[in-house]
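Quick note: the coordinates plus some simple rules give every number you see, no bench work behind them. Keep in mind that what you see is a predicted model, and the values were worked out from it rather than measured. Backbone-built Cβ (ideal geometry, glycine too); neighbour counts: all protein chains shown.
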Amino acid sequence: MKEVVELSIVMPCLNEERTLKRCIKDAQGFLRRKGITGEIIVVDNGSTDKSAEIAKKCGARVIKEKRRGYGRALRAGFKAARGEFIIMGDCDRTYDFAHMTRLWKKMQTCDMVVGDRFKAYQEQGAMSLAHKIGVKVLSWLGRRRFKTDVYDFHCGIRGMRRAAIEKLHFRTTGMEFATEMIALAARKGLRIKQIPVDYLKSVKGRRPKLNTVRDGLRHLDYILLGTLKPFWREFWRLTTILFVSIGFGLGLLWAVAQIPRLAIEQNVTESADYYDGFNELKPNLVEDLDNTKVDFYADSIWLSIAYGFDGSLRSVIEDKYAYVENVPQDDNLRAQLSGELSANQPYFRYWHGSLVLIRPLLMVLNVSQIYLLNGIILIALFVVIILMLCWHRELAAVGIFAASMIVGGAFFGSISLEYMPVFLVMGITSILAMRMVWRGKRKQLLYLFFASGILVNYLDFLTAETLALTVPLLLVMWLDRKRIKTTRRFKKIMKLPLLWLVGYVLMWLAKWLIAWIVLGNSVWSDVGSQIGARSLGTTEEYSFIQLLCYAIEMNVGSLFPLCLGKIWALVSAVIVIVLMVIVCLKRKRGLNWFWIDAVLIISLLPFLRLFLLAEHEARHYFFTYRALAAVVMAFLMFCVEVIDWRRTRKKA
């Protein structure tokens, strides 16, 4: 017959080898002195030191919870606990497990006991000032939100009845679990009491697990939104991201507009001289290859806008640049610098958000030096992506990513102020997205892709903006190719491009709405005419079908190596045909059609863009073609995943 366990002491543990033994011995001493039949459960939350080994030697039960998170560890511990009563406590020696008598007695008269670190002894240096302020503010908000009198919402030592815990349906995984526990208990009407507990300073050199800002925001998020239904919780989080992004983006533009013109004048002048060294403002970096063309014309406009800021909000929204028809734009810029010409052409349909980076850089660098910096950053981003994939042994993905970037002429994106922002957002989003997948934080992908849509709209010049969506999304789908096997998971992955598009469109609308408020009614007519000129429609010379066919021909033809001539185009076509034949003859059995359908949908997005922006794509094919790198990436992923390479090698 199994011994009845009266009390379970649960300790979440992540790399606590320096303090764990003392905490276990103190807890065991308490149980012996009080004559309590109990157990000590150490929840190993992915420790890389000797914590689990130490816990076993000390006689504690060790429970493994590989998924990181304070909430996950405690939930695993509660599930494994056999006692009628449960005490939870951190094993970093900030709490004294040898003196839990008051806690134990109070547990007999209520459902939950929460410690209060502010009404007992607190060792000097145990809690930073920022931590103290954060705990008091968040606890104050929690008391009003959940109608409870708990003074310290974040105290790490608590006691409760098992029957009470079973009534609470936890869902949080991180530090916000401490807030959720009190919130759910208050909503269920459980009897909650408080006791003062001493709070001690942890051992010197121990790395703290608490991140004051990140975990504080998670607590705040739960207080404000945690008890809402999932739809409304997501809605308000996304709404917050949108409005914070708009306000922060506009504020940054206004802030950089305060930089005096004199501080950037020298480097803007050197930049105008740099452009003067080229025969034209849209030169090919490689002779006769239009896909290496850089748009110094557009970059001259950016520099003119940057120089034209006068510190007012109106100048930030209006985005005027110096312009005289049929005059080279670098000459217009030079005339603006000499005072012969003022900024006279509004460009408010874009915010040119990358000026928050470019204008400060112009204080110390000219445009040629900024191009060099862009190249270094772009290479660094690509190297990080490749190293991350290599570290996780995704070698096929390394080849696919590198090949698609080469075919799409990604490196040339650094040699233009106009092209670089989309690659910057693409690279950062890819790194963050892969990290979230590997760390099991897939729910955060929703917010990442929504924010990515907002950010690329803020920074980009309508170049190849879909790269900021398609490349990170395809990498996520590749890493999750064994998970996307059900309708539910297919729908989840399809939420990401939808949210990206919503963020992108809402940012457009926000720009134009703010421009209308600041500049007046003329905004909408100009915006309408620009949309019509770049989207579905015709020109005086060509019908829509002609424009679309020309746009497809020129964009596809700009991909490497198709751009090298008919022979290379023929070789490329043969390679594609051979791969498709192998797919038909040597495909795997039991294909994952959910994943294949998802990849197919993403591969069609650049062509949808071609269709919707036919006139724009036909006119600016020399940079818009880069969006098709995602099509190459999707095709290679499809071939690598669908072909049964083992059967192919055996035949060979």
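A simple spin-label model places pseudo-atoms 7 Å from Cα toward Cβ; at LEU387 and ILE406 they are separated by 2.2 nm.
Taking the Cβ-Cβ separation of ARG261 and GLU553 as r and a Förster radius of 30 Å, what is the calculated FRET efficiency to the nearest 0.05? According to the calculation, E is roughly 0.10. In deg cm²/dmol, rounded to 500, what helix-only [θ] at 222 nm does the chain give when every DSSP H run of at least 4 residues adds -39500 (n - 2.57) and the total is split over its residues? So the helix-based figure for the chain works out to -19000 deg cm²/dmol. Residue ranges 220-230, 609-619, 417-427 sort as 417-427, 609-619, 220-230 when ordered by packing (mean number of other C-beta atoms within 10 Å per residue, highest first). Please report the antiparallel percentage of the DSSP beta bridges confined to the chain, to the nearest 5. In the chain, approximately 30 percent of DSSP beta bridges are antiparallel ones. Distance between the 7 Å Cα→Cβ label points at ARG206 and ARG162: 2.9 nm.
Placing a label point 7 Å from the Cα of VAL502 along the Cα-to-Cβ direction, the residues of segment 227-242 with a backbone N closer than 16 Å are 229-242.
Using packing as a proxy for protection, rank 149-157, 121-129, 241-249, 627-635 so that the peptide with the highest average count of other Cβ atoms within 10 Å comes first.
Numbers: 149-157: 21.0, 121-129: 11.9, 241-249: 16.0, 627-635: 24.2.
By packing density, highest mean first, the sequence is 627-635, 149-157, 241-249, 121-129.
With a sphere of radius 10 Å drawn around the Cβ of ALA81, what net charge do the other residues whose Cβ falls strictly inside it have (Lys, Arg +1; Asp, Glu -1)?
Numbers: positive: ARG61, LYS79, ARG82, ARG162; negative: GLU39, GLU84.
After counting each charged neighbour, the total is +2.
With Cα atoms as the point set, segment 68-179 shows a radius of gyration and Dmax of 14.2, 39 Å. In this calculation the C-beta distance from LEU289 to VAL574 is compared with R0 = 25 Å, giving a FRET efficiency of 0.70.
Past 23 Å, Cα to Cα: identify those pairs from LYS21/LYS204; LYS132/LYS441; LYS147/LYS193; LYS441/LYS495; LYS147/LYS209; LYS50/LYS167, in the order given.
Details: LYS21/LYS204 16 Å; LYS132/LYS441 29 Å; LYS147/LYS193 14 Å; LYS441/LYS495 15 Å; LYS147/LYS209 29 Å; LYS50/LYS167 35 Å.
Checking Cα-Cα distances, LYS132/LYS441; LYS147/LYS209; LYS50/LYS167 exceed 23 Å.
Magnitude of the charge dipole for segment 260-412, about its Cα centre and with charges confined to Cβ atoms of Lys, Arg (+1) and Asp, Glu (-1), is about 660 debye.
By how many nm would the segment from TRP438 to LYS586 grow when fully extended, if each residue of separation counts as 0.36 nm and the alpha-carbon distance is taken off?
Values: separation 148, 0.36 × 148 = 53.28 nm, distance 3.07 nm.
In short, 50.2 nm is gained.
Remark: the Cα gyration tensor places segment 6-52 in the oblate category, a/c being 1.5 or greater and a/b not exceeding b/c.
Seen against the Cα atoms of the chain and their longest principal axis, helix 212-225 is set at about 90 degrees.
Centroid-to-centroid, using Cα positions, segment 98-142 and segment 362-438 are 47 Å apart.
Give the relative contact order (percent, whole number) for segment 419-565; include only Cα pairs under 8 Å separated by 6+ residues.
It rounds to 23 percent for segment 419-565.
Working ranking of peptides 38-45, 555-562, 353-360 by packing, defined as the average number of other Cβ atoms within 10 Å per residue, highest first, is 38-45, 353-360, 555-562.
For the chain, the cysteines with no partner cysteine C-beta closer than 4.7 Å are CYS13, CYS58, CYS110, CYS155, CYS390, CYS549, CYS563, CYS584, CYS639. Taking only the C-alpha atoms of the chain, the Rg (one decimal) and the largest Cα-Cα distance, Dmax (whole number), read 30.2, 98 Å. Estimated translational diffusion coefficient (Stokes-Einstein, Kirkwood radius over Cα pairs, 4 °C, 1.567 mPa s) of segment 1-79: 102 µm² per second.
With a cut-off of 15 Å between beta carbons, the residues surrounding VAL356 carry a summed charge of 0, where Lys and Arg count +1 and Asp and Glu -1.
Considering every alpha-carbon pair of segment 540-652, the percent of pairs per 10 Å bin, from zero through the bin containing the longest distance, is 13, 35, 32, 16, 4, 1. For LYS119, the aspartates and glutamates whose Cα falls under 15 Å of its own Cα, not counting residues fewer than eight places away in the same chain, are ASP149, ASP152, ASP198.
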